[in-house]
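The values are calculated or read from the model by the stated rules, or taken from the named source; none is laboratory data. All figures in this text were calculated on a predicted structure; none of them were measured in a lab. Using ideal geometry, Cβ is built from the backbone for each residue, glycine included, and neighbour counts are taken over all protein chains shown. To get the accessible areas, we keep the full protein, side chains included, count just its heavy atoms, and leave off ligands, DNA and RNA. Shrake-Rupley method; radii C 1.70, N 1.55, O 1.52, S 1.80 Å.
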Amino acid sequence: MNVTTSAPAAPLKPTIDTLSASQQEAIRRIPAHDGGQLPTPIADWLDPVIKKTRPASIFLDPARFDLEQRSVFRRLPVPLIPAALVPEPGNVVAHDGYGLSLLVARAKDGIVRVFYNACQHKGSKLIEDCAVHKAARLTCPYHSWTYGLDGRLLAAARPEVFKDFDKTQYALPQLPAREQAGVIWAILDPDVDPDWSGLDDGFADDMAHLGVPTAHVYGHQRFDLAANWKLVLEPFMESYHVTRLHASTIGDLFTDMASICTKLGPHQRKVAGKVQFKPSDVDIPGENIHKTVTHAYQIFPNGVMVTSPYYISLMILMPRAADRTLVDYYMLLPNKPDSEKAESIAARSYDLILKVFGNEDFRAARITHEGLASGGLKTVTYGGMENTIPTYYDQLEGHFLTNDPVVEHS
Ligand SMILES: [Fe+2]
């Protein structure tokens with residue numbers, strides 16, 4: 001069964017008051033910046049409980065990749081698309097990012113279902129492209145078998161040529177799916193016992209207060225990266241690189257900062273003050289909270305959400321091989337730009353963020369993969385400003401099937 005999150009309307013002018021009590025509490029714990037000095041207590045950053053290394057093989061070894069696929073990506077809920085991509089009944093989109101031909105459809109009843117994109121006659125894909133369609137029904141291009149968006153076979157051409165034809169036997173098979181926290185989730189193996197416990201309500205509440213479920217999808221771009229998916233994820237979990245890798249673009253907006261990290265079920269929320277952040281300013285009436293505070297979420301297991309002053313970036317990382325990752329980037333706005341000025345701001349923001357992520361963060365992933373693949377180091381080391389990374393790996397590895405012979409924790 002699907003669960004639809006009831007969400008407040010997306011805040012057009014996000015201030016601290018439009019955030020949840022939990023988000024507000026985290027923001028109020030951000031310490032003041034101190035002239036470029038590292039914030040205290042640094043002891044938190046050097047927490048000895050967190051193991052600060054990982055073997056380079058976790059990024060390179062095909063056996064480790066297979067283990068992640070079996071234990072996590074084919075067993076736990078994974079994000080497919082933002083729900084805002086299919087906001088209306090009749091919206092349907094093909095999805096092949098995980099290497100399976102799927103369809104995501106919102107039927108007349110408002111429920112989003114995930115089907116195999118395969119006609120039950122001979123297997124032809126019903127939709128070949130990746131555009132979002134508005135359709136009352138889906139007709140196979142091969143022999144015109146026609147399905148409702150709830151998956152029922154409505155009609156087959158010349159049914160009398162099939163012996164004892166029973167339409168009810170040919171519905172599109174579904175994968176377990178849910179709509180929660182503004183995201184459409186699915187479990188990619190229909191034979192596992194679905195465990196939805198990771199879709200924590202606290203996380204959905206955060207997403208609702210940021211307007212994710214009701215957002216407008218301004219842009220979507222897919223990247224095909226020659227890097228392990230965890231190397232793509234890493235820069236979005238730490239602030240150590242921000243003023244350095246991004247020095248020529250957005251680095252000046254940030255400083256080395258203390259992040260307030262909170263676990264929301266399996267997901268991580270990180271709030272941090274930008275360079276001009278002052279604790280006393282967050283309550284200035286009407287002040288856009290995203291100008292001074294960044295919210296960054298690691299959406300377990302393979303998503304990222306980051307706030308900017310006028311938009312939200314949502315990314316879904318889809319591992320295809322140990323050395324190949326597809327990334328779907330979505331820019332979310334509170335609503336569709338309704339003026340030339342709003343359109344121009346959105347277009348410039350979209351260009352900038354694709355450059356920053358594409359040319360800088362994704363480049364870092366690629367050159368790191370190439371460096372690791374040289375065999376030049378056996379162990380990767382994480383410092384205190386990267387605590388969220390080994391914390392995340394602890395959690396990821398905690399899901400590895402224990403009876404598997406190639407579990408690698410050291
Ligand atoms: Fe970055």
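Looking only at the range 124-148, which residues are in a strand (DSSP E or B), open to solvent by 30 Å² or more (accessible area, probe 1.4 Å) and among the hydrophobic types (A, V, I, L, M, F, W, C)?
Going through the range 124-148, the residues in a strand (DSSP E or B) turn out to be 132-134, 137-139, 146-148.
Checking the rest, the ones that are also open to solvent by 30 Å² or more (accessible area, probe 1.4 Å) come to 132-134, 137, 139.
Residue satisfying the conditions is Val132 alone.
Pick from Ile284, Ile289: which is β-branched (Val, Ile, Thr), within 28 Å of Arg29 (Cα to Cα) and without any contact (Cβ under 8 Å) to a residue 40 or more places away in the chain?
Working: Ile289 fails: without any contact (Cβ under 8 Å) to a residue 40 or more places away in the chain.
After applying the criteria, what remains is Ile284.
Read through the list (1) within 16 Å of the ligand (Cβ to nearest atom); (2) of a type in the set (D, E, K, R); (3) open to solvent by less than 20 Å² (accessible area, probe 1.4 Å), then give the number of the only condition that Asp252 fails.
Here Asp252 clears every test but (3).
Conditions tested, residue by residue: (1) more than 16 Å from the ligand (Cβ to nearest atom); (2) open to solvent by less than 70 Å² (accessible area, probe 1.4 Å); (3) outside the structural domain of Pro213 (by TED's automatic domain parsing).
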site: Ile312; (1), (2), (3): no, yes, no
site: Lys336; (1), (2), (3): yes, no, no
site: Glu343; (1), (2), (3): yes, no, no
site: Ala346; (1), (2), (3): yes, yes, no
site: Asn359; (1), (2), (3): no, no, no
site: Ala364; (1), (2), (3): no, yes, no
site: Glu370; (1), (2), (3): yes, no, no
site: Ser374; (1), (2), (3): yes, no, no
site: Asn387; (1), (2), (3): yes, yes, no
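Looking for whichever is touching a residue at least 60 places away in the same chain (Cβ under 8 Å) and farther than 30 Å from Glu397 by Cβ here; the options are Met315, Met331, Met305. Which one fits?
Met331
Let's see how each residue does on (1) basic (Lys, Arg); (2) modelled with pLDDT of 95 or more; (3) open to solvent by less than 20 Å² (accessible area, probe 1.4 Å):
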{"site": "Gly182", "(1), (2), (3)": "no, yes, yes"}
{"site": "Gly198", "(1), (2), (3)": "no, no, no"}
{"site": "Pro213", "(1), (2), (3)": "no, yes, no"}
{"site": "Lys230", "(1), (2), (3)": "yes, yes, yes"}
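Quick check: anything in the range 382-393 at pLDDT 95 or above and hydrophobic (A, V, I, L, M, F, W, C)?
No; the residues of the range 382-393 include none that is at pLDDT 95 or above and hydrophobic (A, V, I, L, M, F, W, C).
Among the numbered criteria (1) in contact with a Cys (Cβ under 8 Å, 6 or more places away or on another chain); (2) closer than 25 Å to Ala186 by Cβ, which one does Ser313 miss?
Among (1) in contact with a Cys (Cβ under 8 Å, 6 or more places away or on another chain); (2) closer than 25 Å to Ala186 by Cβ, the lone unmet condition for Ser313 is (1).
Might you check whether a residue that is assigned to a strand (DSSP E or B), open to solvent by less than 40 Å² (accessible area, probe 1.4 Å) and either among the polar types (S, T, N, Q) or within 16 Å of the ligand (Cβ to nearest atom) (or both) occurs anywhere in the range 276-295?
yes
Identify, by number, the condition in (1) of a type outside the set (S, T, N, Q); (2) open to solvent by less than 30 Å² (accessible area, probe 1.4 Å); (3) away from the ligand (no atom under 16 Å from the Cβ); (4) modelled with pLDDT under 95 that Leu396 doesn't meet.
Among (1) of a type outside the set (S, T, N, Q); (2) open to solvent by less than 30 Å² (accessible area, probe 1.4 Å); (3) away from the ligand (no atom under 16 Å from the Cβ); (4) modelled with pLDDT under 95, the lone unmet condition for Leu396 is (4).
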